[in-house]
């Protein structure tokens with residue numbers, strides 16, 4: 001191992017990156033652009049659900065009931081629909097996502113103290129949205145029921161409406177939100193976006209950097225030089241690590257500055273773990289680059305092995321405990337989940353390293369294994 | 001315009017044919033690339049469909065039951081899967097509970113006071129506390145609303161039982177029974193949604209990346225010089241490339257639909273597959289314009305890669321592939337209308353899951369075609385210019 005040779009390779013690589021102005025600027029622009037776009041756009045909040053109502057009763061009570069939905073910020077009322085048979089087209093064409101059908105005699109039944117059935121149709125193409133929509137409808141409906149019953153009870157028993165409400169709700173659930181008291185989705189999201197972007201961009205840069213030499217043939221200079229495999233790889237990866245660390249800093253500043261996410265942990269610990277994580281993701285790029293020969297393949301391979309798993313198995317959208325058993329295993333095999341733990345610990349939870357040193361250790365082991373694998377697979381001799 | 005003789009037309013066709021054969025050969029000889037295209041259209045879609053659910057599933061609930069009565073156990077027994085799962089470990093002390101939340105071993109902690117049952121019997125209101133980890137705000141909110149539903153229903157039952165015993169019957173009183181019917185995916189099977197969503201995503205990725213890469217590779221290797229001196233127009237160079245890529249993508253799509261989506265996940269395909277493939281061909285072909293556009297700006301494949309990520313990722317997230325578009329800020333939704341993927345997703349789900357025909361989807365298809373033509377035209381225009 002010779003430091004001079006390593007620095008020579010690193011310098012050569014650095015010049016090559018810097019002189020490709022477009023590549024160099026994109027290496028910084030892409031992460032920032034992704035952070036901003038995803039930060040504003042990747043929201044799982046279900047709001048403004050387009051809704052229509054078929055009111056076959058047209059009474060004061062049915063209008064009151066409809067207004068409970070129309071006034072809710074969760075629904076975006078698209079106007080009444082005259083006939084039930086028109087609903088199919090509206091739902092199929094995505095013009096509404098939910099429809100409520102109020103039957104005739106709605107008011108008559110309720111005033112007579114009888115139950116009345118209301119039908120709800122929900123577009124189920126996106127199950128998460130359907131589930132949440134259903135939750136909103138149930139909540140609004142039970143609030144209406146509570147009022148109706150309290151009203152009925154107070155008249156039947158001659159007690160005040162308030163007393164009737166109390167009688168009907170003997171158990172009060174008091175909810176305390178921890179770590180993100182105001183339920184701001186961007187606070188949850190911004191730290192995890194750092195994870196996501198650092199999962200995508202370093203392997204991409206690295207794989208392209210290594211494969212470019214293969215494809216253009218300039219790697220033969222390395223094959224015949226005195227530079228050893230380890231020296232070449234260290235020197236080669238160094239500039240990409242440096243770029244990714246600068247990106248990590250920029251992303252951190254965006255998360256805290258632009259999106260206002262609270263950072264409660266230790267900055268030093270956070271950046272130390274980030275370094276380990278970036279080594280890990282750079283290692284993924286290295287291993288991918290060993291397997292492929294063309295840059296096209298390198299891009300496709302890295303985007304498939306990083307982007308999709310990082311979104312699906314890292315806890316950015318879905319917590320790991322909610323995954324199916326097989327997917328949980330996959331999640332534990334990938335580095336993203338461990339870094340997600342660290343990021344949430346440092347940003348939102350503000351707990352010490354005692355809680356997540358194991359995660360850092362796993363990442364370090366992962367990085368070491370990837371680098372070793374890359375080293376072993378990288379051959380200075382062309383296969384005949 | 002001069003009239004073209006049959007020989008010229010024949011020549012024109014022959015050149016297109018030769019170039020198309022060349023593109024196919026080039027593609028088929030890149031084995032790694034082919035393997036990954038195959039992987040993307042099968043295993044990747046399977047993984048996305050099999051493992052991923054965006055619902056609150058089995059949230060780890062830790063119990064601090066200071067009452068240990070029949071009533072408290074009854075309430076707790078209602079926190080069951082699929083939404084909640086009570087942890088085997090019981091918290092003894094608030095600090096212990098906090099530690100479990102900090103470590104991420106619990107998503108929520110429910111705290112039932114010592115006089116829970118006594119208060120219920122006495123008819124006094126009683127309070128139950130729940131602490132929820134909201135590092136994931138969406139699921140935190142879901143957990144809270146489910147917990148609210150469960151306790152509300154439990155409380156109401158207790159109240160009605162008490163009132164019923166006292167003679168006032170409300171059970172058959174004036175209540176609105178609401179009956180939900182979820183259309184197009186009655187069991188809300190996430191695999192149906194995720195696998196189709198993933199398929200549409202992969203199609204988009206390849207239709208941007210493959211043509212761009214194929215074009216820039218010629219630049220990088222210098223083979224473009226040969227094309228420039230060949231008796232070929234810009235269109236004759238570009239069209240065979242897009243044709244070859246479109247064919248490969250359509251084959252991948254067909255495999256994925258038969259093997260994974262209907263084969264493994266049993267998604268009922270309601271609409272016309274002919275229509276779906278026609279729309280997909282249109283989409284892939286026009287989106288390829290985006291790839292061509294990139295290829296005219298990028299000088300090497302590395303730049304193509306970065307630009308593809310820059311174009312593709314926002315397109316993906318802002319089109320409703322993974323997140324409900326209604327929730328986005330208004331200005332973002334406006335941006336979304338400029339993304340062909342948005343229309344493709346609406347049409348794709350419309351045909352496959354909802355069984356919509358061209359009578360309903362014509363406007364989306366038209367918008368997609370218009371937008372696609374603009375994109376393709378821009379790509380073609382830039383592409384022509386670089387030959388001048």
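Please treat every number below as a calculation from the coordinates, not as lab data. Bear in mind the structure is a predicted one, so any value in this text is a computation, not a measurement. Quick reminder, even Gly has a Cβ in these numbers, built from the backbone with ideal geometry, and neighbours come from all protein chains shown.
Structure data summary
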item: Interatomic Cα distance distribution for the protein assembly as shown, bins of 10 angstrom, percent; result: 2, 13, 21, 23, 18, 12, 7, 4, 1, 0, 0
item: Highest-first arrangement of A:16-28, A:79-91, A:305-317, where packing means the average Cβ count within 10 Å; result: A:305-317, A:16-28, A:79-91
item: Euclidean distance of C-alpha centroids, segment A:85-102 and segment B:50-94, integer Å; result: 36 Å
item: Cα gyration tensor shape of chain B, rounded if a/c is under 1.5, else prolate or oblate by comparing a/b with b/c; result: prolate
item: In degrees, nearest ten, helix A:127-157 long axis to first principal axis of chain A (Cα); result: 30 degrees
item: Pairwise centroid distance, computed over Cα atoms, of segment A:363-377 with segment A:173-205, Å; result: 28 Å
item: Degrees separating the helix A:357-377 axis from the principal Cα axis of chain A, which is the longest one; result: 50 degrees
item: Angle in degrees between helix B:137-165 and the longest Cα principal axis of chain B, rounded to the nearest 10; result: 30 degrees
item: Calculated FRET efficiency for the pair residue A:117/residue B:262, C-beta based, R₀ 41 Å, to 0.05; result: 0.70
item: Helix-only CD estimate at 222 nm, as mean residue ellipticity for the protein assembly as shown, using -39500 (n - 2.57) per DSSP H run (n ≥ 4); result: -21000 deg cm²/dmol
item: Average other protein chain Cβ within 10 Å of Cβ, residues B:307-314; result: 6
item: Inter-chain Cβ neighbour average for residues B:345-351, partner chain, 10 Å; result: 2
item: Candidates B:325, B:114, B:211: whichever shows maximal mean-square fluctuation once chain B is modelled as a Gaussian network with Cα springs under 10 Å; result: B:114
item: Average partner coverage of A:300-312, which counts Cβ from other chains inside 10 Å; result: 6
item: GNM result for chain A, Cα springs below 10 Å: residue of A:61, A:299, A:195 fluctuating most strongly; result: A:61
item: The protein assembly as shown: antiparallel DSSP beta bridges as a percent of all, rounded to 5; result: 20 percent
item: Alpha carbon centroid spacing (whole Å) that separates segment B:133-161 from segment B:177-254; result: 44 Å
item: Sequence ranges B:60-73, A:342-355, ranked by mean other-Cβ count within 10 angstrom, highest first; result: A:342-355, B:60-73
item: For segment B:59-165, convex hull of alpha carbons as volume per residue, Å³; result: 94 Å³
